[in-house]
Amino acid sequence: MLNRIIQFALDQKLFVSLGLLILILSGALAFKNLPVEAFPDVSDIQVNVITLYPGRAAEEVEKQVTIPIEIALSGLPNSVRIFSHTQFGLSFLMVTFNDKTTDFIARQQVAERLRSVDLPPGIQPEIAPLSTAIGEIYRFRLKGIGKDTQELRTLQDWVVEKQLRQVPGVADVVVIGGQVKQYEVNPNLAKMRDYKVSLGELFEALSRGNANAGGGRVEEGRQQYLLRSLGLFKSSAEIGSVVVAENRGVPILVKDIAEIRTTYAPPQGLMAQDEEDDIVVGTVLMRKGENPSLVLEGIKQRVEKLNDEILPKGVTIEPYYDRSWLIDKTLRTVFGNLVEGAILVVLVLYLFLVNARAAAIVAMTIPLALLSTFIGLTIVGITATTALSLAVSREWKLILMSRSLSLLIVLIALLHRLALLALLSLAVLCNHASPI
């Protein structure tokens, strides 16, 4: 069988050459489209469910939120375990699946079960973005000349985050630092008692006043005019003008019984740098399974657009962590190991075979085998870094066991050559010494 294959390859040189060319082009194209990560992603298929229950103790959150969600998610197909964590105002559950399902099917199954959970009014569980622990690929800081942290945080929440989420492959943008702007209404209980207004009436008035309403349409000839009422708050002055009640035909406004001011939400954390106590930073999370090189390229283009066209003058995005350099360093290291291994193989073959042509023929199969591996990885869906790591850690270790063992093999081969030369020299001397 082997003789037939060799004979076919020798007889059909054009066919073999075309097949080799197709293999090289297909392998190069597969490597170009293959995701390359700095760290191999070996995480399980997981779905995280996060539920906020503000102002509630951990015991209440456990009984009213965590346990009902655990019961609803129990028995999901291909699920192997459920982990839950409850703290003040927060419920967190992690559902782990086996490899028989996919991330999207698992998330769909969890979402279907969550619809049937009986939770307190106004409580809605959310599924965390599809990202893993190694998904943090880009970190940046938002700087602005003459801007305080509240203005920077507002730009971050309403402008920067919206733009970065539109980049293909981005799962989420996590923001830390800065003051979250909010309008605060502080009731004056003495004035409320004088005006005979309760807290319930004040809350109802604020909820009723902060809304838009549709008014139908009015026809005039062949034209129609659509009517609507705009009531969403835009400033603290509009909040103070909301009518709470009336006293003998005189309206009682919010500003008559409460103090309205623009402030910030209580901070839940702090981000500092050098001598600055409070800064605004963001972390971009990559969606699981995406190509980090392409995602980073899209993020950089969007950041450049934000700095040049969208953000106000003097406000810039300055990255302080970018995984591109780590990916490049990983590739250089892995390919360097492959080249070193190939050189050692060629050297060992030459020392044993004493034939440079035979050693070169064997060495040529190494890059061809690597290209064929890229084709298979693209079909299966495994990242290039994982495959190259396995190639370095298994294939070369099985062939050479380590660099020290490789050097030992080379030393043995050299000693073998010296021994052969010594025997040949001894044989020549013996022939010259013997009588004719």
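The values are calculated or read from the model by the stated rules, or taken from the named source; none is laboratory data. It should be emphasised that the depicted structure is a prediction, and the values quoted were computed from it without experimental measurement. Using ideal geometry, Cβ is built from the backbone for each residue, glycine included, and neighbour counts are taken over all protein chains shown.
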| query | Of these, L405, L429, L398, which one is modelled with pLDDT of 50 or more and hydrophobic (A, V, I, L, M, F, W, C)? | reply | L429
| field | First in segment 144-158 and touching a residue at least 12 places away in the same chain (Cβ under 8 Å), second anywhere and of a type in the set (A, V, I, L, M) and in a helix (DSSP H, G or I), Cβ under 7 Å, 6 or more apart | value | G144/L152
| request: Test G336 against the stated conditions and say whether it is in a helix (DSSP H, G or I), at pLDDT below 85, surrounded by fewer than 17 Cβ atoms within 10 Å (Cβ to Cβ) and of a type in the set (G, A, S). | output: yes
| task | Find the helices (runs of 4 or more DSSP H) located wholly in segment 133-201 whose residues include 3 or more that are more than 30 Å from E246 (Cβ to Cβ), and list them. | result | 149-155, 161-165
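Per-residue answers, yes or no, for (1) of a type in the set (K, R); (2) crowded, with 16+ Cβ neighbours inside 10 Å; (3) touching a residue at least 12 places away in the same chain (Cβ under 8 Å):
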position	(1), (2), (3)
E220	no, no, no
L227	no, no, yes
P251	no, no, no
A258	no, yes, yes
| task | Go through segment 108-127 and give me each residue that's over 23 Å from the mean Cα position of the chain (by Cα), buried (at least 17 other Cβ atoms within 10 Å of the Cβ) and outside any loop (DSSP other than H, G, I, E, B). | result | R113, L114
| request: Answer yes or no as to whether I279 is in contact (Cβ under 8 Å) with a residue 24 or more places away in the chain and in contact with a Leu (Cβ under 9 Å, 6 or more places away or on another chain). | output: yes
| message | Residues to consider are V173, V167, V159, V185; find the one that is over 36 Å from the mean Cα position of the chain (by Cα) and either over 25 Å from S235 (Cα atoms) or of a type in the set (V, I, T) (or both). | response | V185
| What about K32, is it under 22 Å from I134 (Cα atoms), of a type in the set (K, R) and surrounded by fewer than 17 Cβ atoms within 10 Å (Cβ to Cβ)? | yes
| said: Need pairs with beta-carbon distance below 8 Å; first residue assigned by TED's automatic domain parsing to the domain that holds T365 and within segment 337-355, second modelled with pLDDT of 75 or more and small (G, A, S); sequence gap 6+ or separate chains. | reply: V346/A360; Y350/A356
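Kindly indicate whether L270 is of a type outside the set (V, I, T) and not in a strand (DSSP E or B).
Yes, satisfied.
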| query | In the set I69, I105, which member is touching a Pro at 6+ places or on another chain (Cβ under 7 Å) and either in a helix (DSSP H, G or I) or without any contact (Cβ under 8 Å) to a residue 60 or more places away in the chain (or both)? | reply | I69
| Residue list for segment 29-61, filter: modelled with pLDDT of 85 or more, part of a helix (DSSP H, G or I) and either under 27 Å from S293 (Cβ atoms) or among the β-branched types (V, I, T) (or both) | L29, V61
| Is it true that E290 is farther than 30 Å from N210 by Cβ, part of a loop (DSSP other than H, G, I, E, B) and either in the same structural domain as G215 (by TED's automatic domain parsing) or under 22 Å from the mean Cα position of the chain (by Cα) (or both)? | yes
